[in-house]
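Peer 1: After the structure tokens below, expect a handful of questions from me.
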Amino acid sequence: MEEAVINVPLEKEEYIINMGPQHPSTHGVLRLVVSLRGEMVQNVEPHIGYVHRGIEKMCENLTYAQIIHLTDRMDYLSAHINNEAVCLAVEKALDIEVSDRVKYIRTILSELTRIQSHQLFWATYGMDLGGLTCFFYGLRDREMILDIFEETCGGRLIVSYNCPGGLMNDIHPNFQKRTKDFIKYFRKTLPEYDRLLTGNVIFRERLKDIGIINREDAIAWGLTGPVGRGSGFSCDVRKHNPYSAYNKVTFKEILYNEGDSLHRYQVRMDEMWESMNIIEQLIDNIPEGPYAAKMKPVIKLPEGEYWQSVETARGELGVYIVSDGNKYPYRVKFRSPNFVNLAPLNKLAAGFKIADLVAINGSLDLVIPDLDR
Amino acid sequence: MEFSIYDLTSFTHWIDSSLRASMSPGWAVAVEMIIIGVALLVFYALIGLFLVYAERKVCALMQNRLGPNRVGPGGIFQTVADLVKLLFVELVPIKNADKILFNVAPFIVIIASVMAIGALPFAKGLHAIDLNIGIFYLMAVSSMGVIGVLLAGWSSNNKYSLIGAMRSGAQIVSYELSVGLALVTMVVLAGTMQLSEMIEAQRWGWFIFKGHIPAVTAFVVYIVAGTAETNRGPFDLAEAESELTAGYHTEYSGIKFALFFLAEYINMFIVAAIAATVFLGGWMPLHVFGWDGFNKVMDFIPPFVWFLGKTFGVVFLMMWLKWTFPRLRIDQLLTLEWKYLLPLNIFNLLLMATLVLVGWHW
């Protein structure tokens, strides 16, 4: 039988390779159809949807308390922050003020989540560029945070610790001590990351001036998180629209104007320091109080539209809930940072080499299940 | 007949004379060739297995892990188990592949490395063939492997493989120059290309100490270029698993893949062995002129231990490089060679020639 021939308009001397859905450096089931000329990338076409589970549609048949457990499965590296987004939206709709204790704990856990996500980014980014050793260093330190999660939340990756009105249960007695131990340890270990990778001349030369996007374009494409801030777009939701306890702490928004892969990487490295600062400001001052507000057994939001955005490790996650007064939402829409951050990939990578495509794709730090939802 | 592990010449001569006593000279040579061939192949396989195990352990050391520790004490039989597994893996036929070239490619890679290993001096008297152009021969045969890599990439009917093979071609053609010039620098110092004479010249000081700055520079350049030539470490662009899945050997499975894998490790051994022979004195023990007691102690260690010790020292250095550095990009790789290493090398060669002419090297 003749094989089907797919005709793709190509220029002379161009050819197409298919990266993914199974490929070591697409971080999941992202498929990139890459037109190449020699080693030079001419065009990148991302094909998504390989882990589409219809989370937004499923939400329409679930109660608000149940929706939270689905949001873990979107950006699994920012699981706690995703939970928090839905909880904040529901609390906003019901006009519930949670106790300061809840706010503090949520903020600390959010920052721990951010650190472990950036650690994993660091680990896998080194691997994308061929330095396999950082993977083990990154995961070794991430394990400590996961242990803290395990003790307090029960889960390690998919924590599901938030519920509308507060938290599932109170923090573990060891929580404060272990978190402080971790910060003490990580303040010593983070410079090790820089010595192994950041300061390496090969690493810097690989990333410098690769995949540049300037501030105007970053705003036009809607890039958020470290990708936007690497281009000088001040987009930190924690700073501009503080939620939970972020208005009680002082921290710096990391901004670089260069907009290349190296500075997207650098934003994340610096953010780990800032996250540690935030945790240190809060960890000793967790106020006494109830860990959850009294809620009705069945939560019904008043009719209307509600929006809440939070800063996940990858950018701005927005939760948009339309309620018709039922116990199920009428429509839920998640504005996921990964989907938006993937969009300019072609613009970033065209004209660079295939090795740079891997570096650029890695510097966007995509989590594909969040992208497909 | 008395044998000594410090000088195996008498042992090899005894084999030769006893063979000649019992058969015609032609047959004796034929039998000797078979003995040498079998011995080399056995050594080849053992070194391959050991190096794979060593790489796993070294990489585990670098990465805060234990490495293989289940099969046998300390996991020493892990590579044997893997080899057995590879022998039983199905050889997947590739659609639209160039069958002949596809099957020939792994053998070219293997043959190149076997030919190189045959000319290495393992110990005093344990040297299969002592060519008067030994260095030249080693360089010539060790660069043949790239033909196999190119054929593998070309015949696989896979674009990733093709990119990997083309990268490998560009890389080896470039870095061959640096390897060659670094060795030529040492040939200038030694005044000979014969490996046995080079080693003998290092009796009272290895070349890396004797040759002052040019020798050290040549050693560094040789390690960098040699690593690049074996497609390893920060220069593994030909297989670059994060970009090209596995580069030129993507489509190979089972024992054919094992041949590529084995050849890569043997090539690393060969590069390290040449470095040990040319820069670090081969099997010659460390001698310091005037320290008689110290020299006696050093002489007590058998020559093949010296040789293997130095070689594995260099191998460890190469593994260390591999597990520390991220990979270069193809344009950076070529820039490094043509803009930095090559001019440095030529200058270094002139410097060495000047040193030798002035006579400062002894």
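Each reported figure results from applying straightforward, stated rules to the coordinates on display, with no laboratory input. From a predicted model like this one, the values you see are computed outputs, not experimental measurements. Positions of Cβ are backbone-derived with ideal geometry, glycine not excepted, and every protein chain shown enters the neighbour counts.
Peer 1: Which value, in debye to the nearest 20, describes the size of the charge dipole of the protein assembly as shown about its Cα centre when Lys and Arg Cβ atoms bear +1, Asp and Glu Cβ atoms bear -1, and nothing else is charged? Could you put the intermediate results ahead of the total?
Peer 2: Numbers: 64 positive and 73 negative charges, 172 e Å.
With only Lys, Arg, Asp and Glu charged at Cβ, the dipole is about 820 debye.
Peer 1: Over the alpha-carbon set of the range A:241-327, divide Rg by the Kirkwood Rh and report the Rg/Rh ratio to two decimals.
Peer 2: Values: Rg = 18.0 Å, Rh = 16.6 Å.
The Rg/Rh ratio comes out at 1.09.
Peer 1: Sticking with this structure for a sec: GNM on chain B, C-alpha springs below 10 Å: top fluctuator among B:123, B:21, B:276?
Peer 2: The residue with the greatest mean-square fluctuation here is B:21.
Peer 1: Hey, fewest Cβ within 10 Å first, where do A:195, A:53, A:206 land in order?
Peer 2: A:195, A:53, A:206
Peer 1: Can you figure out the FRET efficiency of residue B:209 with residue A:156, using R₀ = 56 Å and their beta-carbon distance, to the nearest 0.05?
Peer 2: Working: r = 55 Å, r/R0 = 0.98.
Computed FRET efficiency for residue B:209 and residue A:156: 0.55.
Peer 1: What is the set of long-range amide H partners of residue A:292 at a cut-off below 5 Å, with H atoms built 1.01 Å from backbone N?
Peer 2: The list, which skips near neighbours in sequence, is A:167.
Peer 1: Tell me the relative contact order for chain A as a rounded percent, counting alpha carbon contacts under 8 Å between residues six or more apart. It would help to have the intermediate numbers written out before the result.
Peer 2: Working: 704 pairs, mean separation 96.3, N = 373.
So the answer I get is 26 percent.
Peer 1: How many angstrom lie between the C-alpha centres of the range B:242-300 and the range A:37-68?
Peer 2: 49 Å
Peer 1: Within the set of other residues whose C-beta is less than 15 Å from the C-beta of residue A:200, count the net charge using Lys and Arg as +1 and Asp and Glu as -1. List each step's numbers first, then the result.
Peer 2: Details: positive: A:195, A:204, A:206, A:208, B:322, B:327, B:329; negative: A:128, A:192, A:194, A:205.
After counting each charged neighbour, the total is +3.
Peer 1: Over chain B, with a Gaussian network built from C-alpha contacts below 10 Å, which listed residue (B:156, B:24, B:143) shows the highest mean-square fluctuation?
Peer 2: Maximum fluctuation in the GNM of chain B, among the listed residues, is at B:24.
Peer 1: Could you tell me the distance between the Cα centroids of the range B:179-230 and the range A:175-206, to the nearest Å?
Peer 2: Computed from Cα coordinates, the inter-centre distance equals 40 Å.
Peer 1: How do A:268, A:178 rank when sorted from fewest to most other Cβ atoms within 10 Å of their own Cβ? Let's see the in-between values first.
Peer 2: Details: A:268 27, A:178 17.
Ranked by crowding around the Cβ, least crowded first: A:178, A:268.
Peer 1: Also, I was wondering about something else. What net charge is computed for the residues neighbouring residue B:247, neighbours being all others with C-beta under 9 Å from the C-beta of residue B:247, Lys and Arg scored +1, Asp and Glu -1?
Peer 2: On the way: positive: B:167; negative: B:236, B:239, B:241, B:243.
The answer is -3.
Peer 1: Among A:200, A:223, A:185, flag the residue with its Cα farthest along the positive direction of the charge dipole of the range A:156-228, charges on Cβ as +1 for Lys/Arg and -1 for Asp/Glu.
Peer 2: A:185
Peer 1: How large is the charge dipole for the range A:1-122, taken about the Cα centre, if only the Cβ atoms of Lys, Arg (+1) and Asp, Glu (-1) carry charge, to the nearest 20 debye?
Peer 2: Numbers: 11 positive and 17 negative charges, 77 e Å.
My answer is approximately 360 debye.
Peer 1: Other chains' Cβ within 10 Å of A:356-366 residues: what's the mean?
Peer 2: The per-residue average across the peptide is 1.
Peer 1: Does a label point 7 Å from the Cα of residue B:9, set along Cα-to-beta-carbon, have any residues of the range B:190-205 with amide nitrogen under 16 Å, and which are they?
Peer 2: B:195-203
Peer 1: Another question, then. Calculated FRET efficiency, residue B:170 and residue B:91, Cβ-Cβ r, R0 25 Å, to nearest 0.05?
Peer 2: Details: r = 30 Å, r/R0 = 1.18.
For R0 = 25 Å, the calculated efficiency reads 0.25.
Peer 1: As I understand it, the dipole of the protein assembly as shown uses +1 on the Cβ of Lys and Arg and -1 on the Cβ of Asp and Glu, about the Cα centre. Which of B:324, A:42, A:332 lies farthest toward its positive end?
Peer 2: Of the listed residues, the answer is A:332.
Peer 1: Which residue, chosen from B:174, A:108, A:312, occupies the Cα position most advanced towards the positive end of the dipole of the protein assembly as shown, where the dipole is computed from +1 (Lys, Arg) and -1 (Asp, Glu) charges on Cβ about the Cα centre?
Peer 2: The Cα lying farthest towards the positive end belongs to A:108.
Peer 1: Using a Gaussian network model of chain B whose springs link C-alpha atoms within less than 10 Å, name the residue from B:324, B:250, B:192 with the highest mean-square fluctuation.
Peer 2: Maximum among the listed residues: B:324.
Peer 1: Determine the shape class of the range A:100-194: with a ≥ b ≥ c the square roots of the Cα gyration tensor eigenvalues, call it rounded for a/c under 1.5, and otherwise prolate if a/b is greater than b/c, oblate otherwise.
Peer 2: Prolate shape, in that a/c is at least 1.5 and a/b is the bigger ratio.
Peer 1: If you take the square roots of the eigenvalues of the alpha-carbon gyration tensor of chain B and sort them as a ≥ b ≥ c, do you get rounded (a/c under 1.5), prolate (a/b over b/c) or oblate? Before the final figure, lay out each step's value.
Peer 2: Details: a/c = 1.62, a/b = 1.23, b/c = 1.33.
Since a/c reaches 1.5 but b/c is at least a/b, the shape of chain B is classed as oblate.
Peer 1: Moving on. What per residue convex hull volume, in Å³, comes out for the range B:68-175 when only alpha-carbon positions are used?
Peer 2: Normalising the Cα hull of the range B:68-175 by residue number yields 166 Å³.
Peer 1: What shape does the range A:225-373 take by its C-alpha gyration tensor, where a ≥ b ≥ c are the square roots of the eigenvalues and a/c under 1.5 counts as rounded, a/b above b/c as prolate, and the rest as oblate? If you can, show how the numbers build up before the last one.
Peer 2: On the way: a/c = 2.83, a/b = 1.40, b/c = 2.03.
In terms of gyration-tensor shape, oblate.
Peer 1: Okay, moving on. List the residues whose amide H sits under 5 Å from the amide H of residue A:36, counting only those 5 or more places along or on another chain, with H placed 1.01 Å from N in the peptide plane.
Peer 2: Correct list: A:15, A:16, A:17, A:42.
Peer 1: Averaged across orientations, what area in nm² does the convex hull of the alpha carbons in the protein assembly as shown project? Don't skip to the answer; put the middle values down first.
Peer 2: Working: hull surface 163.2 nm².
Value for the protein assembly as shown: 40.8 nm².
Peer 1: List the residue ranges in chain A for DSSP H helices whose C-alpha atoms run 24 angstrom or more along the long axis and whose Kyte-Doolittle average is -1.0 or above. All intermediate terms of the calculation are to be shown ahead of the outcome.
Peer 2: Numbers: long enough: A:100-128 (41 Å, -0.35); A:133-153 (30 Å, 0.11); A:175-193 (25 Å, -1.26); A:261-283 (33 Å, -0.41).
Taking the DSSP H segments of chain A (at least 24 Å long, mean hydropathy at least -1.0), we get A:100-128, A:133-153, A:261-283.
Peer 1: Give me A:370, A:128, A:217 ranked fewest to most by other Cβ atoms within 10 Å of their Cβ, as a rough exposure proxy.
Peer 2: Values: A:370 27, A:128 23, A:217 16.
Listed from fewest to most nearby Cβ atoms, that is A:217, A:128, A:370.
Peer 1: Amide H to amide H, which residues 5 or more places from residue A:353 or on other chains are under 5 Å from it, using H placed in the peptide plane?
Peer 2: The list, which skips near neighbours in sequence, is A:41.
Peer 1: Can you compute the charge dipole magnitude of the range B:89-358 about its Cα centre, using +1 on each Lys and Arg Cβ and -1 on each Asp and Glu Cβ, nothing else charged? Give it in debye, rounded to the nearest 20. All intermediate terms of the calculation are to be shown ahead of the outcome.
Peer 2: Numbers: 15 positive and 17 negative charges, 31 e Å.
Once rounded to the nearest 20, the dipole reads 140 debye.
Peer 1: Evaluate the distance, in nm, between pseudo-label points positioned 7 Å from the Cα of residue B:18 and of residue A:350 along their respective Cα→Cβ axes.
Peer 2: Label-label distance for residue B:18 and residue A:350, simple model: 7.6 nm.
Peer 1: Pulled fully out, how much extra length does the chain show between residue B:144 and residue B:289, if you take 0.36 nm times their separation in residues and subtract their Cα-Cα distance?
Peer 2: Here the segment from residue B:144 to residue B:289 would lengthen by 48.2 nm.
Peer 1: Between the range A:72-104 and the range A:222-258, what is the C-alpha centre distance in whole Å?
Peer 2: Comparing the Cα centres of the range A:72-104 and the range A:222-258, I get a distance of 19 Å.
Peer 1: On to the next question. Could you give P(r) for the range B:156-308, binned at 5 Å from zero, as whole percent values over all Cα-Cα pairs?
Peer 2: P(r) for the range B:156-308, in whole percents per bin: 2, 9, 15, 17, 15, 12, 10, 8, 6, 3, 2, 1, 0.
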